Every structure is written in C-alpha cells, then in structure tokens.
C-alpha cells in the first residue's frame with residue numbers, strides 16, 4: 001500500500017540536506033565528491049522506506065550507497081526512519097524517477113544496481129514500464145562500470161519470468177538465479193526489504209544477479 005501524501009515531504013528533504021541529494025543533476029559524474037571517501041557506488045532504484053539500503057550501508061562500509069525513490073512521501077518516511085538511527089557517512093538518498101537516470105549519473109559511474117520488488121506492471125501494454133524492460137536495461141548498461149552487476153528480487157512470478165527473457169535477449173549474463181531465495185544457501189546473507197519481510201510468507205522470493213556481456217569503454 002502506498003503511503004498517504006505527505007504535504008511536508010519536500011520540506012523534510014530540504015531539512016536533511018546532509019544526507020539527501022537535493023540537486024542530483026549538478027552532481028552528475030561527481031558523486032564521489034558527496035561522500036567522505038571515494039568508494040564503489042551502489043544504487044538502489046525504488047528504495048521504499050530505506051531498510052534495505054540502510055542495512056547494506058551499515059554492513060558494508062567499504063562501499064558508498066545511494067537510495068533513489070520517486071514518490072516524495074515514501075522518501076520522507078525513509079528520511080524520518082533514518083533520523084531515528086545512526087547517520088552513516090556512506091549513505092545518501094535521492095528523489096528521482098528511474099526513467100531519467102541518465103540525467104543524473106555519468107556513463108560508467110555506478111558499480112552495482114539493486115532492483116527490489118519493483119512494480120510488476122502486469123498488463124502487456126505497460127511492459128515498457130517494468131524496470132527490466134529493454135529500455136531500462138539499456139540505461140543500466142550505460143550507467144554501470146565494465147564489471148558492474150545488477151541484483152534483482154521479486155515475489156512476482158510473472159515479472160521474474162518476463163525479466164529472465166528480457167535480460168537474456170538484451171545480452172546480459174545470468175550470474176545467479178534462485179527460485180526460492182529464502183530457502184537457498186544464500187538466505188543467510190540476504191538483506192531483506194520491508195516489503196520482503198512482510199510478504200515473503202505468501203510465497204517464494206525470486207532473485208537474479210546479472211552482468212553485462214557487451215563490450216564497454218567506460219570505467
């Protein structure tokens with residue numbers, strides 16, 4: 001269920017400019033300057049209330065993390081939740097739409113992408129909106145470094161099957177596939193999203209890790 005609109009969402013972002021990126025376009029190609037140390041950049045598209053990206057940043061201080069959320073009220077909820085915890089030097093948040101990522105990241109600027117429980121857009125006419133559609137996969141290809149990876153999780157079987165076909169047809173390599181992540185050997189190291197904790201009781205969690213097989217000159 002989507003959060004009710006928060007009329008103070010943008011005020012909350014501005015009040016937390018120490019870890020919220022207020023002008024993403026101005027940092028294109030320079031995200032390392034936002035962090036205290038220049039480390040690999042890991043990005044989550046559609047971060048929700050931020051549990052996943054926060055726990056990753058906490059567990060892996062060797063990386064820098066950026067959580068992106070297009071709904072202002074959801075991002076505001078994530079900001080409020082983080083303010084109740086320890087602030088992390090390697091975590092920034094951003095209000096932006098994944099459709100426009102090429103406006104805010106330079107080619108080859110991202111080391112790792114997370115796509116967690118994105119909208120399945122089940123109707124065929126909406127297939128282009130799925131975050132694993134060919135158009136999005138082409139964007140990720142440009143943003144990722146040469147050896148960059150994409151991690152994708154969903155509980156929607158239809159979206160997973162669509163994504164398997166889409167990524168292979170668009171020259172991505174399947175480095176890892178699980179049809180039941182929580183009952184796999186990798187479950188112990190799995191960091192769950194808030195959605196995952198709530199709804200995984202209803203059925204299996206599907207996961208894939210992808211790498212790009214096309215030649216690149218970035219890095």
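The values are calculated or read from the model by the stated rules, or taken from the named source; none is laboratory data. Keep in mind the model is a prediction, meaning the values are calculated, not measured. When we count neighbours, we look across all protein chains shown, and the Cβ atoms used for this are built from the backbone with ideal geometry, even at glycine.
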Taking the stated definitions as given, is residue 48 touching a strand residue (DSSP E or B) at 6+ places or on another chain (Cβ under 9 Å), at pLDDT below 95 and either in a helix (DSSP H, G or I) or surrounded by 17 or more Cβ atoms within 10 Å (Cβ to Cβ) (or both)? yes
Any hit, region 144-160, residues being more than 17 Å from residue 131 (Cα to Cα), at pLDDT below 95 and in a helix (DSSP H, G or I): no
Please verify whether region 158-172 includes one or more residues that are touching a residue at least 60 places away in the same chain (Cβ under 8 Å), within 21 Å of residue 69 (Cβ to Cβ) and either buried (at least 21 other Cβ atoms within 10 Å of the Cβ) or in contact with a strand residue (DSSP E or B) (Cβ under 6 Å, 6 or more places away or on another chain) (or both). no
The number of residues in region 174-189 that are surrounded by fewer than 12 Cβ atoms within 10 Å (Cβ to Cβ) and under 20 Å from the mean Cα position of the chain (by Cα) is 1
For the subset of region 120-139 comprising residues that are free of Cβ contacts under 8 Å to residues at least 60 places away in the same chain and touching a strand residue (DSSP E or B) at 6+ places or on another chain (Cβ under 8 Å), which member is nearest to residue 205 (Cα to Cα)? 120
Any idea which of 36, 8, 30 is surrounded by fewer than 20 Cβ atoms within 10 Å (Cβ to Cβ), closer than 23 Å to residue 140 by Cα and over 18 Å from the mean Cα position of the chain (by Cα)? 30
Identity of the residue in region 12-27, in contact with a helix residue (DSSP H, G or I) (Cβ under 8 Å, 6 or more places away or on another chain) and either over 30 Å from residue 130 (Cβ atoms) or without any contact (Cβ under 8 Å) to a residue 24 or more places away in the chain (or both), that ends up surrounded by the fewest Cβ atoms within 10 Å (Cβ to Cβ): 22
Return the residue satisfying two criteria in turn: it lies in region 89-112 and is closer than 23 Å to residue 196 by Cα and in contact with a strand residue (DSSP E or B) (Cβ under 8 Å, 6 or more places away or on another chain), and of such residues it is modelled with the lowest pLDDT. 98
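Residue by residue, here is whether (1) under 23 Å from residue 139 (Cα atoms); (2) touching a strand residue (DSSP E or B) at 6+ places or on another chain (Cβ under 8 Å) holds:
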{"site": "18", "(1), (2)": "no, no"}
{"site": "25", "(1), (2)": "yes, no"}
{"site": "41", "(1), (2)": "yes, yes"}
{"site": "54", "(1), (2)": "no, yes"}
{"site": "59", "(1), (2)": "no, no"}
{"site": "63", "(1), (2)": "yes, yes"}
{"site": "69", "(1), (2)": "yes, yes"}
{"site": "80", "(1), (2)": "no, no"}
{"site": "84", "(1), (2)": "no, no"}
Residues to consider are 113, 75, 93; find the one that is within 25 Å of residue 156 (Cβ to Cβ), in contact (Cβ under 8 Å) with a residue 60 or more places away in the chain, in contact with a helix residue (DSSP H, G or I) (Cβ under 9 Å, 6 or more places away or on another chain) and not in a helix (DSSP H, G or I). 113
